[in-house]
């Protein structure tokens, strides 16, 4: 069989496609759904928004806890079984959100939906895709994570339309049934396969190919508590946490801040524009970054653009449409890479056996931090209320500060040298 024929049969790209679909449902149900639920439940049942918001925070904190422990859960039960269970949990939790007859019942729903979301989000995508790729991991993860952005484009309007047409409970049941069916099939037919089972090598290499990936010479095993004393891990965790805290906090309030100047419809288009720019930025990064590139420096460049976006929003003062649109472009360009870049930094800086644990922990910590971001940004907005609608300087300053702290954390963990480390294909070549 020719080399081209063998590479054409490489199963890894099917895994990427499956992970893309998983991300569509995971983010669409578990990330973009709760804000819609808050509005629907608050309007139809008259329950205090503070209670509903607290339940949403429990949802995200539960997801963070599951994400942080996902490698251990995978080792015990296997990724296919965990993924199927996660889909059932997320679907059941969303249905319970719709059926809740008393405010306290939302917290039980949040535990279920949060656990399912945590096992279908960033750490899960990384754990499913990474075994199939080494050199091409930036492109593969970028494509898979774009499913989360597409999930926002599809599910945000879908939830609104479905609830208006079918009612909350029927809409939740219908969407959950589709999700469970699709994810169940993917888990059994795609995620259940491994490169070893199919006799394939990461990146679709042939056994005779000698390929290397440049890792940090400081990469060494960090078992147990040693990881928590490692500067690269601590700075990477802080980088992701500060970055996502800024993003989630700002995006939670941005639509209402854009509306006075743009109008509701154009503000909606602007929010969609952030998603489009996130997809573009992630795609460019995935295909353009070479295996031995300084990934921390690239991450800093992305967050510098986001700081520029926050400054543009600030200077717009709630009135300048060109500056608001410039802010949307700059903020959106780095939006997707805040999720996809930290796992790629971990791939270079830690030994391969530690990478799943590192990624799971930094994802869990970042999710725990951004669970509180909308409320904290809301407090900042209230304290710095302006007479001009949409001019919330405190919100944009807070975002710029958090983004700057992400840059500082990233640079503090940066190393300047690297050495080739054999990939699976070169290891086979030596046997």
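The values are calculated or read from the model by the stated rules, or taken from the named source; none is laboratory data. Worth saying up front: this structure is predicted, and the values here are computed from it rather than measured. Don't worry about glycine lacking a Cβ; one is built from the backbone with ideal geometry, like all the others, and counts go over all protein chains shown.
Going residue by residue through the range 279-302, is there one that turns out to be touching a residue at least 12 places away in the same chain (Cβ under 8 Å) and within 21 Å of residue 253 (Cβ to Cβ)? If you could, list the steps in order and put the result at the bottom.
Here is the first cut: in the range 279-302, the residues touching a residue at least 12 places away in the same chain (Cβ under 8 Å) are 279-283, 285-287, 289, 291-292, 294-300, 302.
If we keep only those that are within 21 Å of residue 253 (Cβ to Cβ) too, we end up with none.
No, there is no match, as no residue in the range 279-302 is touching a residue at least 12 places away in the same chain (Cβ under 8 Å) and within 21 Å of residue 253 (Cβ to Cβ).
Has the range 308-329 got at least one residue that is under 23 Å from residue 130 (Cβ atoms) and out of contact with any strand residue (DSSP E or B) (no Cβ under 6 Å at 6 or more places or on another chain)? Checking the range 308-329: not a single residue is under 23 Å from residue 130 (Cβ atoms) and out of contact with any strand residue (DSSP E or B) (no Cβ under 6 Å at 6 or more places or on another chain). Has the range 365-372 got any residue that is assigned to a helix (DSSP H, G or I) and without any contact (Cβ under 8 Å) to a residue 24 or more places away in the chain? Checked the range 365-372: no residue is assigned to a helix (DSSP H, G or I) and without any contact (Cβ under 8 Å) to a residue 24 or more places away in the chain. In summary, residue 284 fulfils each of the numbered conditions (1) farther than 22 Å from residue 139 by Cα; (2) surrounded by fewer than 24 Cβ atoms within 10 Å (Cβ to Cβ) with the single exception of condition (1). Condition first: closer than 17 Å to residue 185 by Cβ, assigned by TED's automatic domain parsing to the domain that holds residue 169, surrounded by 15 or more Cβ atoms within 10 Å (Cβ to Cβ) and touching a helix residue (DSSP H, G or I) at 6+ places or on another chain (Cβ under 9 Å). Can you find one or more residues in the range 40-55 that meet it? Taking every residue of the range 40-55 in turn, none turns out to be closer than 17 Å to residue 185 by Cβ, assigned by TED's automatic domain parsing to the domain that holds residue 169, surrounded by 15 or more Cβ atoms within 10 Å (Cβ to Cβ) and touching a helix residue (DSSP H, G or I) at 6+ places or on another chain (Cβ under 9 Å). Being over 17 Å from residue 242 (Cβ atoms) and touching a strand residue (DSSP E or B) at 6+ places or on another chain (Cβ under 6 Å) is true of residue 348.
Of the residues contained in the range 105-126, none is found to be closer than 30 Å to residue 198 by Cα, at pLDDT 95 or above, surrounded by fewer than 24 Cβ atoms within 10 Å (Cβ to Cβ) and out of contact with any strand residue (DSSP E or B) (no Cβ under 9 Å at 6 or more places or on another chain). So which residues in the range 46-64 are more than 20 Å from residue 368 (Cβ to Cβ) and in contact (Cβ under 8 Å) with a residue 12 or more places away in the chain? Selection gives 47, 48, 51. The residues on offer are 360, 375, 317, and the sole one that is over 21 Å from residue 302 (Cβ atoms), within 13 Å of the chain's Cα centre (by Cα) and in contact (Cβ under 8 Å) with a residue 40 or more places away in the chain is 360. The residue of the range 257-270 that is surrounded by the fewest Cβ atoms within 10 Å (Cβ to Cβ), among those that are in contact (Cβ under 8 Å) with a residue 40 or more places away in the chain and touching a helix residue (DSSP H, G or I) at 6+ places or on another chain (Cβ under 8 Å), is 259.
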